[in-house]
Amino acid sequence: MEFSELIRSPYVESVTLRILPEVSGLRGRLCITGHHMIISAHSRDQGARAAEVWILHMAVDATERRLYPAGNGGSLIVKCKDLKLYILDITGQLDFNNVASSVEKLSHIADVYNFYPFFYRPIFEILEDGWIMFPLESEYTKWTSAGSDWRVSHVNRKFEVCDSYPTVVVVPKGVTDAVLQASANFREGKRFPVLSYLHDNKAAMMRCGQPLVGPNNRRSRDDEQLLLSSIKNGKRAFIFETRSIVSAGSAKNRGGGYELEIYYSQWKRIHHPLERWTNLHESLTKLTDACADRNQSVDKWLSRLEGSGWLNTVSETLHAACVVAQCLHNESATVLVHGAEGLDMTLCITSLVQIILDPDTRTIRGLEALLEREWLQAGHPFASRCSRSGFGTRLTKLEAPTFLLFLDCVRQLHNQYTCSFQFTPAFLKFIFENVCASEYGTFLCNNARERQQHQVDKKTVSLWSYVNHPRILVTFLNPVYDPNQGCLWPSIAPMSLILWRELFLHSFQDISAEIEEWNVAIAAKARDDELREKVIRLRKEMLALEQELASHGISSPELAEEFRKISVEQAGL
């Protein structure tokens, strides 16, 4: 397929672009390429507005056509997956129809090789290759070192056992690869139990797919052995189910089910029903619609916010993560987390547990490593789940904002423990935007096997290469960061949870005040760092002068005090 076949009007003059919530627009020339809409201003004297705006076709979630009454063009409303809204005012019916048709077709291209990351060439110097920044075996070293009860297994090295698992997994040391293969045949999607996190007290958190018990109550002695090997002597063990008892029971009729107590007697099952990923898209759509309505009353807004169920799902998800974290931290118990497939809410919980318990995951590199382990390598199907967002209609029934739910939960933790995170909320928003559409290949495809098949690591640039460039990294640093080695136990009370305004209201309300608050804090931190460096430099100079005086036999407390006063005055303190 040639992109030119889909572009009927590559250039359109006198187009006005409005970026909501702003009323004024950018008037200029529209250029449509195979991957972008580019709006260039006729002149560069349009106030503080950018002279050029680039919009990726991959970012488009839906479009809406509003024709002018006279039939001479119209407004094309471009609704993006990252919840941004753009309005293109185009005169001329032919140009309007051509642009709308091109955008609709170019935003629905299915061939991954035609996606922009395969064409992008970086305009920055790559100092670190993000594709090799977090190798799994190195990440797992802290859990499998000498004396550990866990080992690295390469049973899935060619993706022959489980196509959604990585080539390297961590399992109990006493379990053979043959046992792992047998266990995989007893688990949904062949997702046998693997280590997700090992706490400081050696309590283990594992994850997997549901057991294929079925209506005849099948069992797998190898699966039972695998789980038994993960329990520390004399310690408690829990199976944390993200489904209700009824839902898990009904799954037996479809070939799934839950671990039967008679065969897993050392495990206590905890049912903590969470919203199914299949329902999350509708919840996000309701929330987006509520945010977009500017004419509703306060009562109506609050009613629609509650009716969307989004914040309730955030609350329940955080609650579930806290329960698992408490089992690990307070009871030193082994915990196995699963729902049905183990691709969505399971990963959401295991990731949040680590952010609650592990201070390293609250740094920029730590969060990147977590996303690699628990989402990208663990098989979350980003391509399927993120093909539609809050504005789009589900096409395949596989779309779901599970990863956005996770980011929102992290945002809630950040709001309650702002000083405990090295990064700002803008970093979370930036990650979401790049999941929706990006010039980088990090979030392409559905799992590690697909990314390997498409040679994504060789043919595209990693997002982490960009983020960890010093010039970019500094823009995401939290100016009030104070490393906290303790656990973060969030409040899930309704009054403690907030709507993520910078994300959900970005195109509907002016959030410049929130952005300015962070800018002020960043500027204050920069000034503080500058003054501290100045004080250190002056102290060194004062010490050198005192030593020089001492070498000439001059020692005066009064003179030393005078030097101190001068140093303080020069530092501007």
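Quick rundown of the values:
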read-out	value
Zero-based 5 Å bins, Cα pair distances in the range 97-176, whole percents	3, 11, 12, 12, 13, 11, 10, 9, 8, 5, 3, 2, 1, 0
For the range 91-104, 3J(HN,Hα) per residue [Karplus equation, 6.51 cos²θ - 1.76 cosθ + 1.60, θ = phi - 60°, Hz, x = Gly/Pro]	8, x, 5, 5, 4, 4, 5, 5, 5, 4, 5, 5, 5, 4
Amide H contacts under 5 Å for Leu336, placed H, 5+ residues apart	Met206, Phe238, Ile239, Phe240
Positive-pole candidate from Leu30, Gly256, Ala521, dipole of the chain, charges at beta carbon	Gly256
Under the Karplus curve 6.51 cos²θ - 1.76 cosθ + 1.60, θ = phi - 60°, whole-Hz ³J(HN,Hα) for the range 443-459, x wherever Gly or Pro sits	9, 6, 6, 9, 6, 5, 4, 5, 5, 5, 4, 8, 6, 4, 5, 9, 10
Descending semi-axes in Å of the range 386-498, equivalent ellipsoid built from Cα gyration tensor	28, 21, 12
Charge dipole of the chain about the Cα centre (unit charges at C-beta), most positive-ward option of Val298, Thr141, Gly174	Gly174
DSSP-defined antiparallel bridges as percent of all bridges, the range 139-509, nearest 5	45
Using θ = phi - 60° and Karplus 6.51 cos²θ - 1.76 cosθ + 1.60, couplings along the range 254-268 (whole Hz; Gly, Pro as x)	9, x, x, x, 9, 5, 6, 4, 5, 9, 10, 5, 8, 10, 9
5 angstrom amide H check on Phe421, placed H, neighbours 5+ away	Asp482
Rh by Kirkwood over Cα pairs, then Stokes-Einstein D for the range 362-412 at 0.890 mPa s and 25 °C, µm²/s	203
When each of Lys202/Lys525; Lys158/Lys286; Lys142/Lys540; Lys81/Lys300; Lys173/Lys268 is checked by Cα-Cα distance, pairs over 31 Å	Lys202/Lys525; Lys158/Lys286; Lys142/Lys540
Which labelled figure in (1) 23.9; (2) 24.5; (3) 26.5 is Kirkwood radius over Cα pairs in Å, once derived from the coordinates	(3)
Shape category assigned to the range 4-109 from the gyration tensor of Cα positions, a/c cut at 1.5	rounded
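We did not get these values from a lab; they are worked out from the coordinates using the rules stated. Small disclaimer: the values here were computed from a predicted structure and weren't measured. Because the Cβ atoms are built from the backbone with ideal geometry, glycine has one as well, and the counts that use them run over all protein chains shown.
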